[in-house]
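Novice: Pasting a structure below so you can have a look.
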Amino acid sequence: MLKAGDPAPDFTAPDDDGGEFTLSALRGKKVILYFYPKDNTPGCTQEACDFRDLASAAAEKGAVIVGVSPDSPKSHAGFKAKHALPFALVADPGKEIVNEYGVWVEKKNYGRSYMGVARTTFVLNEQGAVARVFENVKVKGHANAVLESL
């Protein structure tokens, strides 16, 4: 897992509108890069909507919000439209980005082990370095905590 002070790994990947998203294109801005398990699940929907509701306040602080999950661009497009999300959702079906950021981990649920995304948010500074890491995110109040950290 990356820590504060580490350079954020750059990536180019498909996004929700069928285009390509490149992280380094956001240099000069703060970036709220949040990783979530799956579109249209209760916790992930709440987290996305919380970030949506704070997007203009984040922009006022010079920050851009970007969500990443292993879902497809088509899934992201539907999720974004359904919830009027004003930020990019990046598709990582090959799990390259989640692995590079150290958030593809073994999880346990009801005695069963499986691999999945650890809900994690990285706040990146204007130079593209990790300024803050929020691990083991609990959705309630998380977006506000991230905004306050800017």
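Novice: Pick from segment 92-107 the residues that are in contact (Cβ under 8 Å) with a residue 40 or more places away in the chain and assigned to a helix (DSSP H, G or I): which of them is nearest to P7 (Cα to Cα)? Before the answer, list the steps.
Specialist: Here is the first cut: in segment 92-107, the ones in contact (Cβ under 8 Å) with a residue 40 or more places away in the chain are 92, 96-98, 100-103.
Subsequent filtering for residues that are assigned to a helix (DSSP H, G or I) retains 96-98, 100.
Details: E96: 17, I97: 14, V98: 15, E100: 12 Å.
Among them, the one singled out is E100.
Novice: Moving to a separate point now. When you go through C44, C49 one by one, which is the residue that is surrounded by fewer than 18 Cβ atoms within 10 Å (Cβ to Cβ) and either in contact with a His (Cβ under 7 Å, 6 or more places away or on another chain) or not in a strand (DSSP E or B) (or both)?
Specialist: Unique residue meeting the criteria: C49.
Novice: Can you spot a residue in segment 73-90 that is touching a Pro at 6+ places or on another chain (Cβ under 7 Å) and under 24 Å from A4 (Cβ atoms)?
Specialist: Looking only at segment 73-90, we keep the residues that are touching a Pro at 6+ places or on another chain (Cβ under 7 Å), and these are 73.
Cutting the leftovers down to under 24 Å from A4 (Cβ atoms) gives us none.
No.
Novice: With respect to F87, determine if the residue is touching a residue at least 40 places away in the same chain (Cβ under 8 Å), in contact with a strand residue (DSSP E or B) (Cβ under 6 Å, 6 or more places away or on another chain) and either within 19 Å of N125 (Cβ to Cβ) or acidic (D, E) (or both).
Specialist: Values: touching a residue at least 40 places away in the same chain (Cβ under 8 Å): no; in contact with a strand residue (DSSP E or B) (Cβ under 6 Å, 6 or more places away or on another chain): yes; either within 19 Å of N125 (Cβ to Cβ) or acidic (D, E) (or both): yes.
No, not satisfied.
Novice: Let me ask you something else. Those residues that are assigned to a loop (DSSP other than H, G, I, E, B) and under 22 Å from A118 (Cβ atoms), I need them from segment 55-91; list them, please.
Specialist: Taking segment 55-91 as the starting set, the residues that turn out to be assigned to a loop (DSSP other than H, G, I, E, B) are 61-62, 70-72, 84-87.
P70, D71, S72, L85, F87, listed by residue number.
Novice: Filter segment 1-39 for residues that are assigned to a loop (DSSP other than H, G, I, E, B) and within 16 Å of P86 (Cα to Cα) and give the result. Can you show your working first?
Specialist: Let us first name the residues in segment 1-39 that are assigned to a loop (DSSP other than H, G, I, E, B), namely 1-6, 8-11, 16-19, 27-29, 36-39.
Within segment 1-39, D16, D17, G18, G19, D39 qualify.
Novice: Show the residue pairs meeting these rules: Cβ distance below 7 Å; 6+ apart or different chains; first residue within segment 1-16 and under 12 Å from R132 (Cβ atoms); second residue of a type in the set (F, W, Y) and assigned to a loop (DSSP other than H, G, I, E, B).
Specialist: L2/Y101
Novice: Could you list all residues from segment 108-150 that are more than 18 Å from P42 (Cα to Cα), free of Cβ contacts under 8 Å to residues at least 40 places away in the same chain and not in a loop (DSSP other than H, G, I, E, B)?
Specialist: K108, R112, S113, Y114, M115, F134, A145, E148, S149, listed by residue number.
Novice: Condition check: without any contact (Cβ under 8 Å) to a residue 60 or more places away in the chain and under 14 Å from the mean Cα position of the chain (by Cα). Does T41 satisfy that? Spell out the reasoning first.
Specialist: On the way: without any contact (Cβ under 8 Å) to a residue 60 or more places away in the chain: yes; under 14 Å from the mean Cα position of the chain (by Cα): no.
Taking the combined requirement at face value, the residue does not satisfy it.
Here, each number is a calculation from the coordinates, and none is a lab measurement. Just so we're clear, the structure is a prediction, and the values are computed from it rather than from any experiment. So basically every Cβ, Gly included, is an ideal-geometry build from the backbone, and we count neighbours across all protein chains shown.
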